[in-house]
Amino acid sequence: MSDTEITPETENAFEAPKADLSAPATDSPILQMERFSAWGVFGLSIITLGLYYLYWLYTRVNKINTLSKVAKGNIIALYIYIAANIVSNICQYALDPTNIVIAIVIMVAGLVGLVAYVMTVFSARKALSEVINEGSQEPVKLGGILTFFFSAIYFQYKINEAIDNQSE
């Protein structure tokens with residue numbers, strides 16, 4: 001072996017050490033979630049006409065799915081909810097909503113969107129409850145009525161509360 005040959009050990013001596021940064025540093029997975037004001041979620045949802053709400057749901061359901069071990073948020077139902085909203089808005093604003101066929105399409109899309117919304121938020125509620133309670137001494141319950149009406153704001157409030165309680 002000559003001095004100019006590169007061996008696997010010295011192939012890249014200046015490379016940073018490899019570490020698994022995705023592994024949780026604590027026993028509580030909720031501490032890996034981002035803390036953000038629930039009022040911020042509300043305000044941004046109003047300002048962006050609901051687009052931030054959809055973004056929040058998408059990003060948080062994906063994050064909750066990576067942190068939960070058993071329960072998973074239904075991301076397919078979220079896609080259906082978004083598609084139903086798009087179809088309903090296109091039919092309502094771009095086409096003639098007085099046409100009976102278009103009115104039926106709007107109603108069906110609204111119904112499909114409502115069912116997909118309920119499936120999304122309640123599956124996310126179950127997974128979030130698992131993530132919050134995994135490292136906690138006191139079990140936390142997420143209410144069904146508040147989940148239905150205030151899902152993103154309520155979930156963010158509960159995430160913030162769990163982060164505050166478990167980081168002490």
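Net charge within 13 Å of Ser37 by Cβ-Cβ distance, Lys/Arg positive one each and Asp/Glu negative one each, not counting Ser37 itself? Walk me through the numbers before you get to the answer.
Values: positive: Arg35; negative: Glu34, Glu161, Asp164.
Summing Lys/Arg as +1 and Asp/Glu as -1 gives -2.
So for each of 35-48, 91-104 I average, over its residues, the number of other beta carbons within 10 Å; can you give me the resulting order with the highest mean first?
Top to bottom by mean Cβ count within 10 Å: 35-48, 91-104.
What net charge is computed for the residues neighbouring Thr120, neighbours being all others with C-beta under 13 Å from the C-beta of Thr120, Lys and Arg scored +1, Asp and Glu -1? Let's see the in-between values first.
Numbers: positive: Arg60, Lys72, Arg125, Lys126; negative: none.
With Lys, Arg at +1 and Asp, Glu at -1, the net is +4.
Starting from the Cα of Lys69, step 7 Å toward the Cβ, then list every residue of region 128-154 with an amide N under 18 Å from that point.
128-140
Between the DSSP loop rule and a limit of at most 13 other Cβ atoms within 10 Å, which trypsin sites (Lys or Arg not before Pro) in region 90-168 are left?
Listed in order of number, the matching sites are Lys141.
Sorting check: for 112-119, 57-64, which peptide has the highest mean count of neighbouring beta carbons within 10 Å, and how do the rest follow?
Top to bottom by mean Cβ count within 10 Å: 57-64, 112-119.
Over 18 Å apart: what share of the alpha carbon pairs of region 49-166 falls there, rounded to a whole percent?
Summing the P(r) tail past 18 Å for region 49-166 gives 55 percent.
We did not get these values from a lab; they are worked out from the coordinates using the rules stated. Since this is a predicted model, take the numbers as computed values, not measurements. A quick note on method: Cβ atoms are made from the backbone with ideal geometry, for glycine too, and the neighbour counts reach across all protein chains shown.
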